[in-house]
1. Can we say Leu308 is at pLDDT 95 or above, hydrophobic (A, V, I, L, M, F, W, C), over 30 Å from Ile423 (Cα atoms) and touching a helix residue (DSSP H, G or I) at 6+ places or on another chain (Cβ under 7 Å)?
2. Out of Gly176, Gly221, which single residue is assigned to a strand (DSSP E or B), among the small types (Gly, Ala, Ser) and closer than 20 Å to Ser416 by Cα?
3. Being surrounded by fewer than 17 Cβ atoms within 10 Å (Cβ to Cβ) and within 25 Å of the chain's Cα centre (by Cα) is the filter; apply it to the range 390-414 and report the residue that is nearest to Glu270 (Cα to Cα).
4. When you check Val414 against the structure, is it under 25 Å from Glu81 (Cβ atoms) and either touching a helix residue (DSSP H, G or I) at 6+ places or on another chain (Cβ under 8 Å) or acidic (Asp, Glu) (or both), yes or no?
5. Listed residues Leu421, Leu417; which is in contact (Cβ under 8 Å) with a residue 12 or more places away in the chain, under 30 Å from Ser56 (Cβ atoms), buried (at least 22 other Cβ atoms within 10 Å of the Cβ) and of a type in the set (A, V, I, L, M)?
6. Identify all residues within the range 343-380 that are in a loop (DSSP other than H, G, I, E, B), among the polar types (S, T, N, Q) and surrounded by 15 or more Cβ atoms within 10 Å (Cβ to Cβ); write none if there are none.
7. Quickly run through the range 276-298 and pick out the residues that are in a helix (DSSP H, G or I) and in contact (Cβ under 8 Å) with a residue 60 or more places away in the chain.
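The values are calculated or read from the model by the stated rules, or taken from the named source; none is laboratory data. Note that the structure is predicted; figures quoted are calculated from it, not measured. Here the Cβ positions follow ideal geometry from the backbone for every residue, glycine too, while neighbour counts run over all protein chains shown.
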Amino acid sequence: MRRIDPEEERKRLARLLRRLWKLRRLSRREAKGKAGTSSVTRLVRAPAYLGSLAKSHHYSANDVAATVRIPQSFSFIENPEATLAALARFAHMIVRERNARVRVDHSECQHSDLCAESVLSAIALDAQRHFHVSFAGRLPSDPKQKAIVLTSGIPKQLGVTDYSLPDFHCFPLVRGGARTTTRARDSTPKEVRTTEVVKYVNSCLGRLQHRLTDPSAMQLGCLLCEVLDNAELHSPNGDWWIAAYLHHEPKSTQGDCHITIFNFGRSIYESLSDLPSGCSLRTSIETLVDRHAGLSLFSRREWEPEDLWTLYALQEGVSRLNPTGKGDRGNGTADLVEYFLKLGQLSTGAEKPRMALISGHTSIVFDGTYPITLKQWGVGRARRMVAFNASNDLNERPDSSAVRHLRKGFPGTVISLRFFLDIEHLHSVPNVKPTNAY
């Protein structure tokens, strides 16, 4: 039997006690919400997208401790750079700084869209779940923006207020994802939410005494299913988020509608980069990239290869799950945008519906200026394409007002849809029909 050295045993017990006391102090700090864990530990525990956003933050002379200032225009469609900067600061304060309480200051915000508010809310919900962070804030001074934040923004999503207005018809922010069903006849979360969104769009149209035709409702459901399916594939845990609201004043013949779908995870470019070497789709993209490089079309921070890969992904039949490019997979996002562009016009033409796709470092904005059209693709084949230039040619550089490179990237993909419901325009839309006289 090995002889136990009393001095070694005393030292071992002392080391054990020191470790126990240290763990006890850390657990007490966490219980009191004082963020006792280090920044490194927080990064390990945080969802990966939060770490990516936090790393992209750069300090500014205007930064105030534990406060994120929402920019005047908080919108992925109108102002993606400043919007991403605010979200990066928000994530940085949660993940890399030791803030148990974060202040969100909307006081200077004069314009916000549902998408930016929803992403902010999703980050806050994850922060509460993983770090027990609490939040405070200031509302916008503008009455309309204040109403938008209260009815669909972070106070509503965190349960701070149950504020509602008759002018706002909301589809609350919900999180879904890939889940297995126990029985073949059970609907997946994707199918359930798709059905709910189609019903919601019909209820919005109902306020203007219209409804979708049955084939149109089915088409919308299929498009939403494909977009959510793509979101599940690009997210590490298969999660996605969806929200919507309609602002429609009583007796008005017009409404302002917003729908957003987003996921955190890999960008479109990162997912396409997984295409096997030598497959026809990857070869086509790389050939196009080489052509742009050879003609010196690329320019740093304006038009880069990542942007071309993302733009290519919007063309018919392009998907990493369709490496031959011969199937119809890959149409969903562009088709969904086109669907709402046709539905959501104003009869006066005073303002256009606008929709944005943000993925990685690429921003693409649709407003109908560059429509999706059929073009020859190879020998004896035609495909629906959109290149965002006058000739609708992917061999040429797109219009910088529609496709641009972002300094800060978004860890995932965002689809932001803003369109209108106008009773005069709806009379001319073939996929809707009136319910009764207005």
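1. Working: at pLDDT 95 or above: yes; hydrophobic (A, V, I, L, M, F, W, C): yes; over 30 Å from Ile423 (Cα atoms): yes; touching a helix residue (DSSP H, G or I) at 6+ places or on another chain (Cβ under 7 Å): yes.
Spelling it out, Leu308 is indeed at pLDDT 95 or above, hydrophobic (A, V, I, L, M, F, W, C), over 30 Å from Ile423 (Cα atoms) and touching a helix residue (DSSP H, G or I) at 6+ places or on another chain (Cβ under 7 Å).
2. Details: Gly221 fails: assigned to a strand (DSSP E or B).
Unique residue meeting the criteria: Gly176.
3. Arg407
4. Details: under 25 Å from Glu81 (Cβ atoms): yes; either touching a helix residue (DSSP H, G or I) at 6+ places or on another chain (Cβ under 8 Å) or acidic (Asp, Glu) (or both): yes.
The answer is yes for Val414.
5. Leu417
6. Those that are in a loop (DSSP other than H, G, I, E, B), among the polar types (S, T, N, Q) and surrounded by 15 or more Cβ atoms within 10 Å (Cβ to Cβ): Gln345, Ser347.
7. Within the range 276-298, the subset in a helix (DSSP H, G or I) is 280-294.
The answer is Leu288, Arg291, His292.
Condition check ((1) part of a strand (DSSP E or B); (2) at pLDDT 90 or above; (3) buried (at least 24 other Cβ atoms within 10 Å of the Cβ)) across all residues:
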| position | (1), (2), (3) |
| --- | --- |
| Pro71 | no, yes, no |
| Glu81 | no, yes, no |
| Ala91 | no, yes, yes |
| Arg98 | no, no, no |
| Ile123 | no, yes, no |
| Arg129 | no, no, no |
| Gly137 | yes, yes, no |
